[in-house]
Amino acid sequence: DAGYRGMSGFIVEANAEGLSLGKKETNMGQRCSDTRSITFNNVRVPANQLVGESESGGWMNAMNAFDLSRPNIAAHATGLSRAAYEHALQYSNERQTFGKPLHKHQAIQFMLADMKTSIEASRMLTWKSAADADAGIKNTESAAHAKRFAADTAMQVSTDAVQVYGGYGYSEEYPVARLMRAAKVMQIYEGSSQVQRMIIGREITKNL
């Protein structure tokens with residue numbers, strides 16, 4: 001039993017006999033994503049469609065791909081956070097309570113300040129992991145840092161943006177509701193935030 005060391009990766013043509021797609025799922029967020037189940041029923045795949053140089057290289061190919069894709073997800077999450085923050089900042093200037101704009105209240109200032117700090121940190125971690133990849137430096141750990149922190153930041157910042165909007169934030173008429181729905185999947189795909197913590201833990205303790 002080779003376990004994950006025996007996994008192989010293949011390119012399967014979309015029109016392959018025996019391959020079928022399920023219905024398009026209705027996602028909580030990112031609804032433009034065409035999310036479907038895929039069923040393989042006795043699908044035959046030619047050997048020349050093997051991905052990589054060996055039959056047992058599938059797992060490592062996937063892990064190496066994650067090192068490159070996770071900085072992209074981190075960048076996506078950082079952009080989402082920035083959008084939510086900018087909407088909240090603008091609204092805090094437009095909305096008046098007790099005779100002054102929302103941002104004049106210290107509670108709102110603290111929320112906006114925390115949003116901005118987390119966004120700046122997300123951006124730096126994302127740039128670091130991407131720079132490592134560009135330089136040919138193994139970025140498994142830095143990619144996990146970036147993806148985990150940026151994804152969690154996107155969820156927190158978008159949630160706080162809804163809070164700044166108050167009841168309006170819960171309405172689909174305003175953009176922050178959509179951003180909050182879209183943020184959740186950042187903590188799930190390309191390895192969940194919990195998986196990223198596992199990776200970081202293994203990387204920092206592997207030489208002990």
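The values are calculated or read from the model by the stated rules, or taken from the named source; none is laboratory data. This is a predicted model, so every value here is computed, not measured. As a convention, Cβ positions derive from the backbone with ideal geometry for all residues, glycine included, and neighbour counts pool all protein chains shown.
From the set of residues in the range 64-85 that are without any contact (Cβ under 8 Å) to a residue 24 or more places away in the chain and loosely packed, with under 15 Cβ neighbours inside 10 Å, which is farthest from the chain's Cα centre (by Cα)? Let's see the steps before the verdict.
Here is the first cut: in the range 64-85, the residues without any contact (Cβ under 8 Å) to a residue 24 or more places away in the chain are 64-65, 72, 79.
Adding the requirement that they be loosely packed, with under 15 Cβ neighbours inside 10 Å leaves 64-65.
Working: 64: 17, 65: 15 Å.
The extreme case among them is 64.
For the criterion of being in contact with a helix residue (DSSP H, G or I) (Cβ under 9 Å, 6 or more places away or on another chain) and in a helix (DSSP H, G or I), residue 65 fails.
Could you check residue 90 against (1) assigned by TED's automatic domain parsing to the domain that holds residue 113; (2) touching a residue at least 24 places away in the same chain (Cβ under 8 Å); (3) under 30 Å from residue 165 (Cα atoms) and say which number it fails? It is condition (2) that residue 90 fails. Taking first residues from the range 126-146 that are closer than 20 Å to residue 194 by Cβ and of a type in the set (Gly, Ala, Ser) and partners that are at pLDDT 95 or above and in a loop (DSSP other than H, G, I, E, B), the Cβ contacts under 8 Å between residues at least 6 apart in sequence or on separate chains come to 129/139. Restricting to the range 87-113, name every residue that is surrounded by 15 or more Cβ atoms within 10 Å (Cβ to Cβ) and either closer than 14 Å to residue 148 by Cα or among the charged types (D, E, K, R) (or both). Within the range 87-113, 95 is the sole residue that qualifies. In the set (1) modelled with pLDDT under 95; (2) within 18 Å of residue 75 (Cα to Cα), the condition left unmet by residue 173 is number (2).
Does the range 175-193 contain any residue that is under 14 Å from the mean Cα position of the chain (by Cα), buried (at least 23 other Cβ atoms within 10 Å of the Cβ) and not hydrophobic (A, V, I, L, M, F, W, C)? Scanning the range 175-193, I find no residue that is under 14 Å from the mean Cα position of the chain (by Cα), buried (at least 23 other Cβ atoms within 10 Å of the Cβ) and not hydrophobic (A, V, I, L, M, F, W, C), so the answer is no.
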